[in-house]
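Here the structure comes first, spelled out in C-alpha cells, and everything after it is commentary.
Where a number appears in this text, it was derived from the coordinates with a stated rule and is not lab data. It should be emphasised that the depicted structure is a prediction, and the values quoted were computed from it without experimental measurement. Cβ placement follows ideal geometry from the backbone for every residue including glycine, while neighbour counts extend to all protein chains displayed.
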Amino acid sequence: MVVSPAGRAGDAYLRHTTPLDTAAAAVSALRCAPRVDTPVGRPVYDGGGVDSAGKPSVSAAGPHAAHRQTSTDWTLRAGVAVAVRVRADSFRRRIALVTGAASGIGLALSQELADRGATVVLADLDLERNEEAARALCARGAEATARRLDVTDPESVSDVVRDTAARHGRIDYLFNNAGINTVGEALHFCLDDWEHLLSVNVRGVIHGVHAVYPIMVTQGSGHIVNVASLAALVPSPFQVAYATTKHAVLGLSVSLRAEARKYGVRVSAVCPGFIATRMGETQRVINVERARVDAAVPLRPYPAARCARDILHGVARNQEIILVTAFARWAYRARRWCPALASAVAGRVGRRGL
Ligand SMILES: NC(=O)c1ccc[n+]([C@@H]2O[C@H](COP(=O)([O-])OP(=O)(O)OC[C@H]3O[C@@H](n4cnc5c(N)ncnc54)[C@H](O)[C@@H]3O)[C@@H](O)[C@H]2O)c1
C-alpha cells in the first residue's frame with residue numbers, strides 16, 4: 001500500500017494494489033514463463049548459444065524434460081492456488097459502503113462483506129434498522145458502522161462518502177443498492193409516481209457515483225457496484241417505470257465502466273431476478289390488488305444471502321453484468337438469442353394482466 005502521488009493535500013487517500021492485480025500479475029508471469037512442456041524427444045530451444053549457421057542451438061529434450069514438466073505443473077498449480085486465494089481475499093480489510101443496507105440484498109451484502117473481513121459502512125434511510133444491523137455485525141466481531149443516508153439527497157450522500165473516506169483513508173467498494181419499486185399499469189401512473197422512482201433508483205445511483213468516483217480516481221483503485229435488475233434486460237409489463245430506472249442504471253454502469261478503466265476504477269451492474277426481501281411488502285401498487293402482484297411472481301424467490309454471495313463472486317471477478325438467479329440468466333439469454341419470443345411472452349403477460 002503506497003500513498004498515491006496524486007492524493008489531495010490533507011486527505012489520506014491511499015493507493016491499493018488489489019488482490020486481483022496480484023493474481024493478474026501471477027498469471028501473466030506464468031504466461032511469460034518459457035514453455036518447457038514440449039513432449040520428450042522433440043528438440044527444444046535450450047536457451048543456450050548458436051550453432052555454426054548462426055541459428056539458436058537445439059537439443060533433444062532428454063532427461064531434464066521430465067523435471068521441467070514437473071516444475072511447470074507445480075508453478076501452474078501454485079499460480080492457480082494464488083489466484084483462487086486472492087479472489088477469496090478480495091474483500092479482506094477493504095472499506096465497503098453499502099446503501100440500502102438495513103434490509104434485503106443490502107443487509108445480506110453487508111453481512112457477507114463483514115464475514116469476508118471487510119470494514120462495512122451500512123447506509124440507509126431507516127436508521128433504526130440500520131443501527132440494529134450494524135450492532136449485530138459488531139457482535140459477530142466485524143467492523144461495521146451505521147449511517148443515516150437518503151440517496152435522493154446529494155448532500156446526504158456526499159457527506160457519508162466523504163466521512164467514510166476521511167475516517168478510513170479510502171473507499172474500496174461502493175454498493176449503490178438502495179432502491180424501490182412501484183407496480184401497476186403505466187396508464188395509471190401520475191408524474192409524481194414516476195418522479196419518486198426516478199429520484200431513488202436513478203438519481204440515488206448518480207449521487208453515489210458522483211460522490212465516490214473522484215475519490216476512487218485519486219486512489220487509482222475502487223469498484224462501484226450498481227444494483228439494477230433483470231428488469232433492465234427484458235421487457236417488464238406492469239413495472240414500466242421501474243424498468244426505465246433500471247435500464248438507466250445499467251446504461252450508466254456499462255458506459256462508466258468503459259471510461260473508468262483507465263483510472264483503475266471498476267464498475268459492475270447487478271441484475272438479479274426475484275429475491276426474497278421486504279420489497280414485496282414495501283413496494284407500492286397502483287390500481288392492482290397486492291395479492292395478485294404476489295401471485296404473479298413465477299418462481300420461489302431466491303434467498304438474499306445467496307444473492308449476496310453471487311454478487312461478491314461476480315465483483316471479485318470484475319464482471320460487467322452480474323446476473324443473479326438461473327431465471328435471470330435464462331431470461332437474459334432468451335432475450336438475446338430470440339428477442340421475438342421474449343417480446344411475445346412479455347406481450348402475453350401484458351394482455352393477461354395482473
Ligand atoms: N428483491 C428483488 O426481487 C429485486 C430484484 C432485482 C433488483 N432488486 C434491487 O435490489 C435493491 C435492493 O432491494 P431489496 O429487494 O433488498 O429491497 P428492500 O426493500 O428489502 O431494501 C431496500 C432498502 O433501501 C432503503 N431505501 C429506500 N429508499 C432509500 C433512500 N431514499 N435512501 C436510502 N435508503 C433507501 C430501504 O430503507 C431498504 O432498507 C434495489 O435496488 C432493488 O431494485 C431487487
- Note on the structure: If every Lys and Arg gets +1 and every Asp and Glu gets -1 at its Cβ, then about the Cα centre the range 273-330 yields a dipole, in debye to the nearest 20, of 100 debye
- In range of the label at Ala296: residues from the range 316-354 whose backbone nitrogen is under 11 Å from the point 7 Å along Cα→Cβ: 349-354
- Query: Given H placed on each backbone N at 1.01 Å, which residues far from Val267 in sequence or on other chains put an amide H within less than 5 Å of it?
  - Reply: Ile224
- Message: Under the rule of at least 5 residues apart or a separate chain, name every residue whose amide H is placed under 5 Å from the amide H of Ile286.
- Response: Val183, Gly184
- Listed by chain and number, the residues whose amide H is under 5 Å from that of Leu323, excluding neighbours fewer than 5 places away on the same chain and using placed H, are Cys271
- Which net charge results for the neighbourhood of Leu125, defined as the other residues with beta-carbon distances under 11 angstrom from its beta-carbon, given Lys and Arg at +1 and Asp and Glu at -1? -2
- Message: I'd like to compare 220-228, 114-122: which one has the highest average count of other Cβ atoms within 10 Å, and what's the full order after that?
- Response: 220-228, 114-122
- Item | R0 of 51 Å, Cβ-Cβ distance Glu289-Arg336: FRET efficiency to nearest 0.05 | 0.90
- So how long is each side of the range 94-352 along the principal axes, counting just the alpha-carbon atoms, biggest first, in Å? 54, 40, 33
- Note on the structure: To the nearest 20 debye, the range 139-282 has a Cα-centred charge dipole, built from +1 on Lys and Arg Cβ and -1 on Asp and Glu Cβ, of 700 debye
- Query: Nearest 20 debye, what's the magnitude of the dipole of the range 94-352 about its Cα centre given +1 on Lys and Arg Cβ and -1 on Asp and Glu Cβ?
  - Reply: 1160 debye
- Query: Are there trypsin sites (Lys or Arg not before Pro) in the range 264-354 that DSSP puts in a loop and that have at most 15 other Cβ atoms within 10 Å, and which ones?
  - Reply: Arg278, Arg317
